[in-house]
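Enquirer: Sharing a structure with you now.
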Amino acid sequence: MAKWFPHNVSTFGGDIDSLFWLIFWVGLAWFVLAEGLILYFVIRYRRGKSQKAAYITGVPWRQSAWILVPAAVVLVLDLAVDAMGAHAFEAVKGESPQPDVRLRLTGEQFGWNITYPGPDGVFDTPDDLVMLYEMHVPVNKTVAIALGSKDVIHSFFVPALRLKQDALPGREIPVWFKATEPGDYEILCAELCGFGHTKMRGMLTVHTDESYAQWVRENWEQ
Amino acid sequence: MSETGHAEPTSFFRRYIFSTDHKVIGKQYLFLGMVMALLGGLMAYVMRWQLAWPGSQVPGAALLSEPAVVDGVVTPPFYNALVTMHGTIMVFFVAMPILLGAFGNYLVPLMIGARDMAFPRLNMLSFWILFTASSVMMISFFVPGGAAAGGWTAYPPLSARPLLSGVNWGMNLWILGLALEFSAFLLGGVNLLTTVVTMRAPGMTMWRLPMMVWMQLTAAIIFMLSVGPTIAGAILLLLDRVVGTGFFVPQQGGDPLLWQHLFWFFGHPEVYVILLPGIGVLAEVLPAFSRKPIFAYKMILYSIFVAGVLSFLVWAHHMFVSGMNPTLVMPFSVATILISVPFTIVIFALIATLWGGSIQLPTAMLYALGTLTMFIIGGITGIFNGSAPVDIYIHDTYFVVAHFHYTLFPTVLLGGLAGFYFWFPKMFGRMLNETLGKIHFWLTLISFNAVFLPMFALGIGGHVRRIYDPSTYDLLKPLHGITTFVTIATVCLLLSQIPFLINIVVSLTRGERAAANPWRANTLEWSTASPPPHENFVGDPVVMRGPYEYSVPGADQDWLPQMQDADTATTR
């Protein structure tokens, strides 16, 4: 099953994956228990000449304990999942660490506009660079994105980063990540945004420090 | 009670079309739901074809006309319309008509010993409003611009401005259709509530109600309490579209997230509206074929009430990545995952009902067990979505699609079919063919899993929902074999329904005549003829005991009908 996950390249993706597997194994245990009981009961208590049903109402506490105890165990496990989840969620959607690189990402029907602040590091100045579909970032650097939309709701989704955030018109939502491996990773739109929804394929290129410097040189210094 | 009754109508129209008899209306809901299920299933087939073989001609596309298909190939706008309408139809025009409309109307008066619903004419009106709503939905495919294409959740601004989705009147009709549907079930809910509260037979105390009645009652209450905000939202959306207001349009000071809150405040409890009658079916079928009382009757009900209340406090788990305030996320995540506690009690109580039983496996029982075993998968996979950080990754992927189909398909279709096979003899006076039934069950169960189990893998692989052409993405290319497999399985799932349709036709015409109580069950509907006469009962039913007195020690037989005197039971 693990092979279906895209290779994780973000700092927080590992936490999400391990939480996934925690829920998976706990869920699998309950699945096996519940389905196993059903299967066993159906085989063991199949109607036959000798198989007469017992009158079990489940009302006395001694009997209802059979359903209350599992519920209590589930409650404890739930709280464990919640406790771990709170931490992992905070890591992704909480306060961003001090950013090294700032970008502006704006969805529109049907594409992604990526705005780089240019050499002066300030947006809305003449040296801003706008690219369609292409997001270039350096490896192992904190990237802060101001996410927005021009028209409808889009959703910025990079499976390799385990990162997803809806882009809302009229709002700027802060998003951050730190990619740990250079490479090209696809950007998808996860929210139905119209008939061109499927075409909103962007590309995140994570550069090594040298190639990022070269990309900046080639594209920013005009 | 008999003096309030009406004479049986003699004209065809009053008897079968504009009938006020709850049994006829129940069947009307059933047929409407089944026809809509067929249409919704065919929509899934067209979508799946495009996903497996993008840009190829859909076999049977000759039945569709331009601009929906061009040279037999589904166009992106039509694909989005199919996505939207498949969801809308399955939830509002299949699940609700069958589980609430058909089972609620047909069974509740019989089970509580009433002669009809409290408001028979209102009942007729509810059905015909729903029929109109269904027609409006289907007609919307044929207006210029086609049917609504913004997803069944209709998120604005996409749904709020015709220019953004390319759909004009289709979306307006979608809102109209839903408004009519809501009206139909609001009237139906009032009717059901009044019926259960005021028309129970002597001796039918609330704690003697069959579980099915409790589930219908709770579902009706949840529906009535939750739907208000969505109706308000739908009116605002219609105003945005038709009058040009900007409730959900940020350029005019509106907020798209407002819609999501209004929609999901109802949208999540709606899941329980659908789920509870499905559990009601299980709670009737499992004891009857285990010959045992249901395990912990009151504990199940208390758990359901707790889950019902919690269902009002979890709606924002659909919005973890929507951009809503992150401090709201964890409380909603905790509340969502907490729902697993009452449901553990319900599921284990249903399982414990089998414990020590004398289990028979006719088709109805197979479907009940299928519902239970499959719903467990749906329940467990819900934890992944409920966990906010995991949801960041799997939200709006096929993982979610797989999850909610594992909750709704077992409830609506497997559970609905369990009920259908169980109550068919009562409704139509004939037995269904068991061999065809079992073939139908195994084919459906296997192909259902073949369709939806692989979708978990697709979702984990990053396959987002509602995309028209997965071949656009390199990421999804290694998964394409799975996508194709799912499509083939979908075709199998649809074809698996052929034995069912044959079974209905053969059994209705040549099936064995059903006795009043073929399953030797306890509830009141089995104490009258199959099918029940006009006004249901020959005498006035008097209830002696609870609904699940199976295998009572010392009794001569392994069931004690609710209506039967204990003295006559033992002397017989």
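Enquirer: Can you list residues from other chains, or at least 5 along the same chain, whose modelled amide H is less than 5 Å from the amide H of B:W559?
Expert: B:S551
Enquirer: To the nearest 20 Debye, how big is the dipole of chain B about its Cα centre, given +1 on the beta carbon of each Lys and Arg and -1 on that of each Asp and Glu?
Expert: In total the dipole reaches around 440 debye.
Enquirer: While we're looking at this one, here's another question. Got a sec? Charge dipole of region B:452-572, +1 on Cβ for Lys and Arg, -1 for Asp and Glu; which of B:L475, B:L495, B:W559 is way out at the positive end?
Expert: B:L475
Enquirer: What are the aspartates and glutamates whose alpha-carbon lies under 19 Å from the alpha-carbon of A:K150, with same-chain residues fewer than 8 places away excluded?
Expert: Partners within reach: A:E108, A:D124, A:D128, A:E134, A:D166, A:E172, A:E191, B:D240, B:D255.
Enquirer: Also, I was wondering about something else. Between the alpha-carbon centers of region A:91-138 and region A:42-85, tell me the distance in whole angstrom.
Expert: Going from one Cα centre to the other spans 54 Å.
Enquirer: Would you mind classifying region A:110-155 by shape? Square roots of the alpha carbon gyration tensor eigenvalues, ordered a ≥ b ≥ c; an a/c under 1.5 is rounded, otherwise it is prolate if a/b is larger than b/c and oblate if not.
Expert: Oblate shape, in that a/c is at least 1.5 and b/c is the bigger or equal ratio.
Enquirer: Can I ask one more? How would you order A:91-98, B:467-474, B:338-345 from highest to lowest mean count of nearby Cβ atoms within 10 Å?
Expert: Going by the mean number of other Cβ atoms within 10 Å, highest first, we get B:338-345, B:467-474, A:91-98.
Enquirer: Taking every residue in B:156-162, how many Cβ atoms of other protein chains lie within 10 Å of its Cβ, on average?
Expert: Average per residue, whole number: 4.
Enquirer: Would you mind pulling out the separation of the Cα centroids of region B:250-308 and region A:143-191, in Å?
Expert: A separation of 34 Å, based on Cα centres.
Enquirer: Give the long-range amide H neighbours of A:H154: residues separated by 5 or more places, or on another chain, with amide H under 5 Å away, using H modelled in the peptide plane at 1.01 Å from N.
Expert: A:A167
Enquirer: Across the residues of B:390-401, average count of Cβ atoms on other protein chains within 10 Å?
Expert: Mean inter-chain Cβ contacts per residue within 10 Å come to 6.
Enquirer: Continuing with the same structure: Over the Cα atoms of region B:486-572, compute the convex hull volume and normalise it per residue, giving Å³.
Expert: 165
Enquirer: Here's a follow-up. Does anyone have the angle between helix B:76-88 and the longest principal axis of chain B? Alpha-carbon axes, 0 to 90°, nearest 10?
Expert: Result, in degrees: 20.
Enquirer: Going by how many other Cβ atoms sit within 10 Å of their own, how do A:Y40, B:Y393 line up, fewest first?
Expert: A:Y40, B:Y393
Enquirer: If each Cα of region A:1-63 is one equal point scatterer, what is log10 of I(q)/I(0) from the Debye formula at q = 0.12, 0.24, 0.28 Å⁻¹?
Expert: -0.58, -1.07, -1.13
Enquirer: Right, here's the next one. Projected onto the charge dipole of the protein assembly as shown (+1 at Lys/Arg Cβ, -1 at Asp/Glu Cβ, origin at the Cα centre), which of A:V81, B:L122, B:T132 gives the Cα projection farthest towards the positive end?
Expert: Working it through, the farthest residue towards the positive pole turns out to be B:L122.
Enquirer: Hey, with R₀ at 60 Å, roughly what FRET efficiency would B:V506 and A:V73 work out to, going by the Cβ-Cβ distance, to 0.05?
Expert: 0.80
Enquirer: Right, another one. At 222 nm, what helix-only mean residue ellipticity would chain B give, in deg cm²/dmol to the nearest 500, using -39500 (n - 2.57) for each DSSP H run of four or more?
Expert: Value at 222 nm, helices only, nearest 500: -19500 deg cm²/dmol.
Enquirer: What does the C-alpha gyration tensor say about the overall shape of chain A? Classify as rounded when a/c is under 1.5, otherwise prolate if a/b is larger than b/c, or oblate.
Expert: prolate
Enquirer: Run the numbers on chain B and let me know its relative contact order in percent, using alpha-carbon pairs under 8 Å that are six or more apart.
Expert: Across chain B, relative contact order equals 16 percent.
Enquirer: For region B:317-331, just list the computed ³J(HN,Hα) in residue order, Karplus coefficients 6.51, -1.76 and 1.60, θ = phi - 60°, integers in Hz, with x standing in for Gly and Pro.
Expert: 6, 7, 10, 4, 10, 7, x, 5, 3, x, 5, 7, 5, 5, x
Enquirer: Determine, for each peptide in A:181-191, B:433-443, the mean count of other beta carbons within 10 angstrom over its residues, then list the peptides with the highest first.
Expert: Highest to lowest by the protection proxy: A:181-191, B:433-443.
Enquirer: Another question, if that's okay. Calculate how large, on average over all directions, the projected area of the Cα convex hull of region A:1-119 is; give the answer in nm² to one decimal.
Expert: Result: a mean projected hull area of 14.4 nm².
Enquirer: If R₀ is 22 angstrom, what is the calculated FRET efficiency for the pair B:E434 and B:D556, using the beta carbon separation as r and rounding to 0.05?
Expert: 0.20
Enquirer: Find how much the distance from B:D469 to B:E8 grows on full extension, using 0.36 nm per residue of separation minus their present alpha carbon separation; answer in nm with one decimal.
Expert: Gain on extension, B:D469 to B:E8, equals 160.3 nm.
Enquirer: Over the whole of A:19-30, what's the average partner chain Cβ count within 10 Å per residue? Rounded to a whole number, please.
Expert: 4
Enquirer: Counting other beta carbons within 10 Å of each residue's own, what order do B:H405, B:H317, A:H7 fall into, fewest first?
Expert: A:H7, B:H405, B:H317
Enquirer: Kirkwood Rh over Cα pairs of region B:383-466 into Stokes-Einstein at 20 °C, 1.002 mPa s: D in µm²/s?
Expert: Translational D for this selection: 146 µm²/s.
Enquirer: Let me check against my output: what whole-number percent is the relative contact order of chain A, with C-alpha pairs under 8 Å and at least 6 apart?
Expert: 21
Enquirer: Could I ask something else about it? Out of A:C189, A:I43, A:W66, whose Cα points farthest toward the positive end of the dipole of chain A (charges: +1 Lys, Arg; -1 Asp, Glu; placed on Cβ)?
Expert: Of the options given, the answer is A:I43.
Enquirer: Let me spell out the model: positive unit charges on the Cβ of Lys and Arg, negative unit charges on the Cβ of Asp and Glu, origin at the Cα centre of region B:117-263. What dipole size does that give, in debye rounded to 20?
Expert: 340
Enquirer: Determine which lysines satisfy two conditions relative to B:K477: a Cα distance under 24 Å, and not lying fewer than 8 residues away in the same chain.
Expert: Answer for B:K477, where 24 Å is the Cα cut-off: A:K3, A:K164, A:K199, listed by chain and number.
Enquirer: For chain B, take every pair of Cα atoms, bin their distances at 10 Å starting from 0, and report each bin as a whole percent.
Expert: Reading the bins upward from 0: 3, 17, 28, 28, 16, 7, 1, 0.
Enquirer: Around B:L100, under 14 Å between beta carbons, what's the net of Lys plus Arg minus Asp minus Glu among the other residues?
Expert: With Lys, Arg at +1 and Asp, Glu at -1, the neighbours total -2.
Enquirer: Taking B:K426 as the anchor, which aspartates and glutamates have their alpha carbon closer than 12 Å to its alpha carbon, excluding any fewer than eight residues away along the same chain?
Expert: Within the straight-line limit of under 12 Å, B:K426 reaches these aspartates and glutamates: B:E525.
Enquirer: To the nearest 20 debye, what charge dipole does chain A have about its Cα centre, counting +1 at the Cβ of each Lys and Arg and -1 at the Cβ of each Asp and Glu?
Expert: 2120
Enquirer: Calculate one ³J(HN,Hα) per residue across region B:533-549 by plugging θ = phi - 60° into the Karplus curve 6.51 cos²θ - 1.76 cosθ + 1.60, and present them in order as whole Hz with x for glycine and proline.
Expert: Ordered by residue, 3J(HN,Hα) equals x, 3, 6, 6, 10, 6, x, 9, x, 10, 9, 9, 7, x, x, 10, 7 Hz.
Enquirer: Further question: For the ranges B:117-128, B:324-335, A:192-203, what's the packing order if you count other beta-carbon atoms within 10 Å of each residue, average per peptide, and put the highest first?
Expert: Order by mean packing, descending: A:192-203, B:117-128, B:324-335.
Enquirer: Ignoring solvent entirely, what values of log10 I(q)/I(0) come out of the Debye formula for the protein assembly as shown at 0.05, 0.06 Å⁻¹ when each Cα is a single scatterer?
Expert: Once normalised to I(0) and log-transformed, intensities are -0.27, -0.39.
Enquirer: Follow-up question, since we're still on this one. How large is ³J(HN,Hα), in whole Hz, for each residue of region A:87-93 in order, when computed from phi with the Karplus curve 6.51 cos²θ - 1.76 cosθ + 1.60 and θ = phi - 60°, using x for Gly and Pro?
Expert: Residue by residue, region A:87-93 yields 5, 5, 5, 4, 4, 7, 9 Hz.
Enquirer: If you don't mind, another one. If you take every residue apart from B:M431 with its C-beta less than 10 Å away from the C-beta of B:M431, what net charge results, scoring Lys and Arg +1 and Asp and Glu -1?
Expert: 0
Enquirer: Still on this structure, please answer the following. With runs of 4+ DSSP H residues as the only contributors, calculate the mean residue ellipticity of chain A at 222 nm using -39,500 (n - 2.57) per run, divided by the residue total and rounded to the nearest 500.
Expert: Value at 222 nm, helices only, nearest 500: -12500 deg cm²/dmol.
Enquirer: Hey, could you pull the Cα Rg and Dmax for region B:417-474, both in Å?
Expert: That works out to 18.6, 57 Å for Rg and Dmax.
Here, each number is a calculation from the coordinates, and none is a lab measurement. Values in this document were obtained by computation on a predicted structure and should not be read as measured data. Glycine gets a Cβ as well: all are built from the backbone with ideal geometry, and neighbour counts include every protein chain shown.
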